[in-house]
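Asks: Mind looking over this structure? Questions follow.
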Amino acid sequence: MAKKELTKLPVTIIRGGTSKGIYILESDLPADKEQWEPLLLRLMGSPDKKQIDGLGGSQSVTSKVAIIKKSDHPGADVDYTFAQVSVDKPLVSYKGNCGNISSGVGPFAIEKGLVEAKDGVTSVRIYNTNTDKIIIADVQTPDGAVEYTGDFYIAGVPGTAAPVKLKFVEPAGTLGKGLLPTGNAVDTLDVPDFGPVQVSIIDAANPLVFVKAKDLGLTGKELPDELNADAEKLDLLEKVRGLAAVKLGLIDDYTRSAWDTPGIPKMTFVGEAEDYMTADGKEIKKENIDLLSRMMSMQKTHPSYAMTGAMCTAAAAVVPGSIVNQVLSEGTDTQFIRIGHPGGILECGVDYQENGAVPTINDTFGFRTANLLMEGTAAIRL
C-alpha cells in the first residue's frame, strides 16, 4: 500500500456560541481551493458518524471550519469563509454562514495579529464571503488582550463567559434576491405524500424556510433526541426544505437537497409561546418567551439555535403576515425578541424601517460567547 502524504496544518479550536469549530488562516491552506475539500474532510474525520479519525465531534455543530485572512474588502478588517463539513457524507458546503462560529472570528483575528486590540472593547469588522455581508463583532479586550472569562450566560453552553456582541449589517438578500426572495411573505408548497403547506422563505443573514409546527403535526416543543429518532418526521421536514430550495432556484430536484444544498435554506418550525421543557430538564414559562422555534441542521435537529437563524427569525418577525409574525406574542419588543429553543432562550433584536409589505432591515443583533480551546498542529494524511 502506498504511503499517504502527511500534511501538518496549524489550527485553532474555538467554541463559538453553541458550536465548536476549527479556525484556520487561509495562508496556511493550499492556494488551489480545489484541494480544500479533501483536506477538510480528513481534518474532521468525515465521512464517519463518529468522526473518530479526525477532529470533528460527530454532530453538525462540531464539524465546522472558519477560514480567515486579512481583508482587502472596503470597510472590513478580515475576510471569513465558513465551511460546513458533513459528518456522514464526503461533502463540504460553503453555502450560507454560521453565526455561532462567527462569534469566534473576532477573537481569532485579534489573537493572530490580524486586528490590533484596543483597551476595553475591540470592534472587528468581518466580511463573510459566503453571504457577501458585513458582521461587526464587539470583543472584550481589557488591557489590549482578548478576555474569554466573564459572567454572561447563553443557553446551550455550560458556565459563563465574556459576551461577544454580533451585529449583522444590512443582512437581507444573501442570495441576491432580497429579504423575500420569492416576492411573498407566505408561499404554499405542495409536499408529496402530505399535501399543501404554508411557508415563509426569508433571507437575512442566511435563508430560512419557516413553517408552523402544527401544520406538520408537531408542537414546537420537540427535543432533539425525540425528533432525531422519528425518521418519518425528519423525512417530512427535509421534503419541505428541499421544495423551498427548489423555489429559491438552488436545485431542480427536491430529493437531492441533502446532497446539493445541505445547509441552506435552513428548516425551521415555529409555534406560539407555551410552557416547555429544555433538553436538560429546565422548565421555560411561556411568559418568558415570544415564540417557540426549532431549527434543523444538516438534516438533524439543532441542539439549540443557530445565530444566523436567530438573525433571520428577528427579521421575519417584522415582515407583515409572515409565519413568524403570525405566531409572535402580541406586543413583542423587536429590540428584545426571546426565542424558546431546545437549549433555553436566545435573545435577539432587529433595527428596521417600515416600508409597506417589505421592511428595510438595517441590522440584526444578538450576543454570543466564545472560548479558545486549543492552538496546535493537525496531522492530516491524504
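Asks: Among the residues of the range 305-327, is any touching a strand residue (DSSP E or B) at 6+ places or on another chain (Cβ under 7 Å) and more than 23 Å from F168 (Cα to Cα)?
Replies: Yes.
Asks: If you scan the range 134-146, which residues turn out to be surrounded by fewer than 16 Cβ atoms within 10 Å (Cβ to Cβ) and not small (G, A, S)? First the steps, then the outcome.
Replies: Applying the first criterion (surrounded by fewer than 16 Cβ atoms within 10 Å (Cβ to Cβ)) to the range 134-146 yields 142-145.
Hits for the range 134-146 are P142, D143.
Asks: Quick one: T131 ticks every box in (1) within 11 Å of A370 (Cα to Cα); (2) surrounded by 14 or more Cβ atoms within 10 Å (Cβ to Cβ); (3) of a type in the set (S, T, Y) bar one, so which box is it?
Replies: (1)
Asks: Quick one: how many residues across the range 240-259 are in contact with a helix residue (DSSP H, G or I) (Cβ under 9 Å, 6 or more places away or on another chain) and either closer than 17 Å to T188 by Cα or free of Cβ contacts under 8 Å to residues at least 12 places away in the same chain (or both)?
Replies: 11
Asks: Next up: Mind telling me which of the residues V124, V115 ends up being closer than 23 Å to E347 by Cβ and either buried (at least 20 other Cβ atoms within 10 Å of the Cβ) or polar (S, T, N, Q) (or both)?
Replies: After ruling out the rest, the residue left standing is V124.
Asks: Out of I361, I337, I323, I need the residue that is closer than 30 Å to G178 by Cα and free of Cβ contacts under 8 Å to residues at least 60 places away in the same chain. Which one?
Replies: Working: I361 fails: free of Cβ contacts under 8 Å to residues at least 60 places away in the same chain; I323 fails: free of Cβ contacts under 8 Å to residues at least 60 places away in the same chain.
After ruling out the rest, the residue left standing is I337.
Asks: Here are A315, A279: which of them is in contact with a Leu (Cβ under 7 Å, 6 or more places away or on another chain), outside any strand (DSSP E or B) and crowded, with 24+ Cβ neighbours inside 10 Å?
Replies: After ruling out the rest, the residue left standing is A315.
Asks: Hey, among the residues in the range 6-41 that are within 25 Å of S103 (Cα to Cα) and basic (K, R), which one's surrounded by the fewest Cβ atoms within 10 Å (Cβ to Cβ)?
Replies: Going through the qualifying residues, I end up with K33.
Asks: Would you pick out the residues in the range 322-371 that are in a strand (DSSP E or B) and of a type in the set (F, W, Y)?
Replies: Y352, F365, F367
Every number here is computed from the coordinates shown, using simple stated rules; none is lab data. Just so we're clear, the structure is a prediction, and the values are computed from it rather than from any experiment. Glycine also receives a Cβ, built like all others from the backbone with ideal geometry; neighbour counts cover every protein chain displayed.
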